[in-house]
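Take a look at the structure below.
The values are calculated or read from the model by the stated rules, or taken from the named source; none is laboratory data. Source: prediction; values computed, not measured. Here the Cβ positions follow ideal geometry from the backbone for every residue, glycine too, while neighbour counts run over all protein chains shown. Note: accessible area is taken over every heavy atom of the protein model, side chains too, but ligands, DNA and RNA are not part of it. Shrake-Rupley method; radii C 1.70, N 1.55, O 1.52, S 1.80 Å.
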Amino acid sequence: MNFTFSDYQESADFLRGRLNGFVPEVLLILGSGLGFLGDKVDSPVFVDYGAIPHFRPSTAPDHKGRFVFGTLRGRRVAVMQGRMHCYEGYSMEDAAYAVRVLRLLGAGKLIVTNAAGAVNTDFSAGELMLITDHIKLFDFGPLRGANLPEFGVRFPDMTAVYTPRLQQLARSVAKAQNLTLREGVYMYFPGPQFETPAEIRAARVLGADAVGMSTVPEAIVAAHCGYEILGVTLCSNMAAGVLSQPLSGEEVNAMAEASAPRFSALILGCLEAM
Ligand code: HPA
């Protein structure tokens, strides 16, 4: 189903009614392991997705399914504690719905994070990767259907989805924190099954450095409506077939938890400097 512009407006109007004139600058979409950052927001206003007209609840395990509005490191933020994934049964348009709503509320910068499998064998599990570009070959995209010109053009440019200025900023922050920040291309797979070793070899040939099941729907929609975007991946595991062991969701979550201090320090440092 395609949403209309007035659907997005209704969602934004509902949130405005809760926000008392607060205008978020940065939308922060938190992936596995980082949800706790939402609990660090000052003067928080919590809004459950389920309360917002046209919103879909997030069903992924450990995703709280709510917004936290407030200030974090001096920035006015809207934090998403939990996101929608296509593997939950949502369309790409559903998965990116909040991005447009927050644009209507005034947000112009997006920080999007995720956990992913490392395809690049120079990387190690637990390392962070700055997303420099993405690959989305499967499935329809989030902009399929009638274009909503209030948000952007019919054929949006995707030459620099991940804003070069913010990439540079993330490199500087990582350097100042003495943190290894890998860089590379994130390739979208719809999931929920992990990839096969053959799919990972194919992804590597195509130029992927990491594979995951999120981020790309939101990034495409955000690029369409003019956000500056910073994407950071936690390589929670080596992708299928790289090591001779099966993958598990528990392994991903355990690494996400273990890496949370470094990951959150980088994200907060970037947020402060944006
Ligand atoms: N593949 C896809 N998504 C993921 C992975 C993976 O190996 N790890 C964490 N999210």
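Here are a few things to note about the model shown:
- Other residues whose C-beta falls under 9 angstrom from the C-beta of PHE151 contribute a net charge of +1, scoring Lys and Arg +1 and Asp and Glu -1.
- If the segment from ASN2 to GLN245 were pulled out straight at 0.36 nm per residue, it would be longer than the present Cα-Cα gap by 83.4 nm.
- Spatially proximal aspartates and glutamates relative to LYS175 (Cα-Cα < 16 Å; intrachain offsets below 8 disregarded): GLU127, GLU183, GLU272
- Against the empirical curve 2.2 N^0.38 Å, the C-alpha radius of gyration of the chain lands at a ratio of 0.94.
- With R₀ fixed at 25 Å, the C-beta to C-beta distance from PHE140 to GLU10 puts the FRET efficiency at about 0.55.
- Taken along the Cα-to-beta-carbon direction at a fixed 7 Å, the label points for HIS54 and GLU183 span 3.7 nm.
- Near-label residues of segment 127-142 by backbone N, under 15 Å of a point 7 Å along Cα→Cβ of ALA176: none
- Anisotropy class of segment 112-207 from Cα gyration tensor, a/c 1.5 cut: oblate
- Phi-derived couplings, Karplus 6.51 cos²θ - 1.76 cosθ + 1.60 at θ = phi - 60°, listed residue by residue for segment 208-214: 7, 9, 8, 10, x, 10, 8 Hz, with x used for Gly and Pro.
- Coarse-grained scattering of segment 1-133 at q = 0.12, 0.20 Å⁻¹, given as base-10 log I(q)/I(0) from a Debye sum over alpha-carbon atoms: -0.47, -1.22
- Centre separation in Å (Cα based) which lies between segment 15-74 and segment 139-171: 22 Å
- Inter-part distance, segment 203-274 to segment 84-134, computed on C-alpha centroids, equals 7 Å.
- Largest-first principal axis extents of the Cα set of segment 11-56 (Å): 30, 24, 15
- Exposure of ASP48 as accessible area (Å², to 10), given a probe of 1.4 Å and all protein chains: 90 Å²
- Extension gain (nm, one decimal) between ALA273 and ASP122, 0.36 nm per residue minus Cα-Cα: 51.5 nm
- Of the residues MET238, PHE151, VAL23, the one whose Cα sits farthest towards the positive end of the charge dipole of the chain is VAL23 (charges of +1 on Lys and Arg Cβ, -1 on Asp and Glu Cβ, taken about the Cα centre).
- Where THR163, THR71, THR180 fall by accessible area, highest first, once all protein chains stay in place (1.4 Å): THR180, THR71, THR163
- Surrounding net charge for LYS109, when Lys and Arg each add one and Asp and Glu each subtract one, Cβ distance under 10 Å: -1
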